[in-house]
1. Would you point out the residue of region B:1-47, among those that are among the β-branched types (Val, Ile, Thr) and touching a residue at least 60 places away in the same chain (Cβ under 8 Å), that is nearest to B:Pro129 (Cα to Cα)?
2. What about B:Met57, is it part of a loop (DSSP other than H, G, I, E, B), farther than 22 Å from A:Thr239 by Cα, within 11 Å of another protein chain (Cβ to nearest Cβ) and touching a helix residue (DSSP H, G or I) at 6+ places or on another chain (Cβ under 9 Å)?
3. Cβ-Cβ below 7 Å, separation at least six or inter-chain, first residue in region A:4-19 and closer than 30 Å to A:Glu181 by Cα, second basic (Lys, Arg) and assigned to a strand (DSSP E or B): which pairs?
4. Hey, A:Arg18 hits all of (1) modelled with pLDDT of 95 or more; (2) under 16 Å from A:Pro136 (Cβ atoms) but one; which does it fall short on?
5. When you check A:Ile203 against the structure, is it surrounded by 22 or more Cβ atoms within 10 Å (Cβ to Cβ) and under 16 Å from the mean Cα position of the chain (by Cα), yes or no?
6. Out of all the residues in region B:101-121, is one or more surrounded by fewer than 19 Cβ atoms within 10 Å (Cβ to Cβ), more than 7 Å from chain A (Cβ to nearest Cβ), free of Cβ contacts under 8 Å to residues at least 24 places away in the same chain and assigned to a strand (DSSP E or B)?
7. Return the residues of region B:90-100 that are within 7 Å of another protein chain (Cβ to nearest Cβ) and aliphatic (A, V, I, L, M); say none if nothing qualifies.
8. Among the residues in region B:39-48, are any facing chain A (nearest Cβ under 9 Å), assigned to a helix (DSSP H, G or I), surrounded by fewer than 17 Cβ atoms within 10 Å (Cβ to Cβ) and touching a Gly at 6+ places or on another chain (Cβ under 9 Å)?
Amino acid sequence: MATIVGAVTSSHVPAIGRALEKGLQQDPYWQPFFAGYPPAQRWIAQAKPDVAVVFYQDHGLNFFLDAMPTFAVGAAAEYRNADEGWGIPTVAPFRGDPALSWHVIETLVADEFDVTTCQRMLVDHALTLPMALLWPGGGAWPVRIVPITMNHVQHPLPSPRRAYRLGQSVGRALASWPGDERIVVLGTGGLSHQLDGRRAGFINKPFDLMCMDALVDEPEKLTRYSALDLVREAGAQGTELMAWIAARAALPGRVRKVHAHYHVPVSNTAAGLMVFEPESAVLARAA
Amino acid sequence: MPGYNDAFKDIPGTTVFDATQSRLGYHLNMFCMSLMKAENRAAFKADERGYLAQFPMSDAQRQAVLDRDYNRMIALGGNIYFLAKIGATDGHSFQNLAAKMTGMSEEAYRSMMIAGGRPAQGHRSRSDPSR
């Protein structure tokens, strides 16, 4: 059976791509952000995942307003990044895992999530930047990916409760996968931020810290919020929190918080990073 | 019947990109999406009016683009993720655009962010500014 090694949630601000390109990890502005990542990188190196299942939001690279799925699952053998028009360099292609993708799709549809399936799909900065932060150094990616996008561009958005249930369903799919892969679940975006209008620059640190705390032991607490609540409390683009909720919900049973980091600002955004491990993985290691 | 966006209208300084905005801004956002190609960015920079004329946008939308009036573009249906491609074509970051929209200088906005950002307190509700 497959092993779910844990989940990592991380911000994906485009400016991180420029900072990586220019090697600004030690720059005084960037250092407090990048300093959060080595513990997550070390955990990944020890957990040795073969596959990353990634919950994220496409910002118009693959899906535009002509056709905007609420949830879409990649089922391609390869995923490419492309010019998003805002000047960050593209990254090497990712290998897919079509058999696992279709197993996830079959489980989701059986659980009444009517997802869009994509045998061709471009992946944007919301996937590539967290990958680059967690597997630094460039070259070929050491994991295959299963990308899962959630509409965050055009309201009505799904609710946090729906995101939570989506994550649970993906978790059931992974737990029932007969392969022997080691699987990590990623959730990208957030935390509080607003890019547009007179309220741009909005940051809600108490709300962010409450969410990071709740995600460890009581993630269901966050499902009482609506998309409206998230816009009010976390900013117009703070609804990306839903990818964190989905990733956390994919883990079976109780979890241990391995690492957490929070820094304001990266550009307009409160940047967060968390690493979770299922208690079952901790017990298995001790045995 | 109250519309979807009505529930969001109490949030100050915020335009939620809903069906009304998406329908209004479809071609403005299509223009923005065309800027994902380097040759289109070059063509736009070479002749902005001529380039915009290819898209069935309203005159007000074209003028807002020419003026780089991002709040106006948002009001006319632009979505910030797509509008940012205009900013990038001009060599400007998201932070620069955000500063413009708030009416602050880029330096003042950057300082506000370094100091922790715009606080939630007082920016949750038009009807209750104490929240």
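The values are calculated or read from the model by the stated rules, or taken from the named source; none is laboratory data. Being a predicted model, the structure only gives us computed values, none of them experimental. Using ideal geometry, Cβ is built from the backbone for each residue, glycine included, and neighbour counts are taken over all protein chains shown.
1. As a first pass, look at region B:1-47 and keep what is among the β-branched types (Val, Ile, Thr): B:11, B:14-16, B:20.
With the extra rule that they be touching a residue at least 60 places away in the same chain (Cβ under 8 Å), the set shrinks to B:11, B:15.
Details: B:Ile11: 10, B:Thr15: 18 Å.
Applying the filter and picking the extreme gives B:Ile11.
2. Details: part of a loop (DSSP other than H, G, I, E, B): yes; farther than 22 Å from A:Thr239 by Cα: yes; within 11 Å of another protein chain (Cβ to nearest Cβ): no; touching a helix residue (DSSP H, G or I) at 6+ places or on another chain (Cβ under 9 Å): yes.
Answer is no for this residue.
3. A:Val5/A:Arg182
4. The number of the failed condition is (1).
5. So A:Ile203 fails the test.
6. For region B:101-121, residues surrounded by fewer than 19 Cβ atoms within 10 Å (Cβ to Cβ), more than 7 Å from chain A (Cβ to nearest Cβ), free of Cβ contacts under 8 Å to residues at least 24 places away in the same chain and assigned to a strand (DSSP E or B): present.
7. So in region B:90-100, the residues within 7 Å of another protein chain (Cβ to nearest Cβ) come out as B:93-95, B:98.
Listed by number, the list holds a single entry, B:Ala98.
8. No, there is no match, as no residue in region B:39-48 is facing chain A (nearest Cβ under 9 Å), assigned to a helix (DSSP H, G or I), surrounded by fewer than 17 Cβ atoms within 10 Å (Cβ to Cβ) and touching a Gly at 6+ places or on another chain (Cβ under 9 Å).
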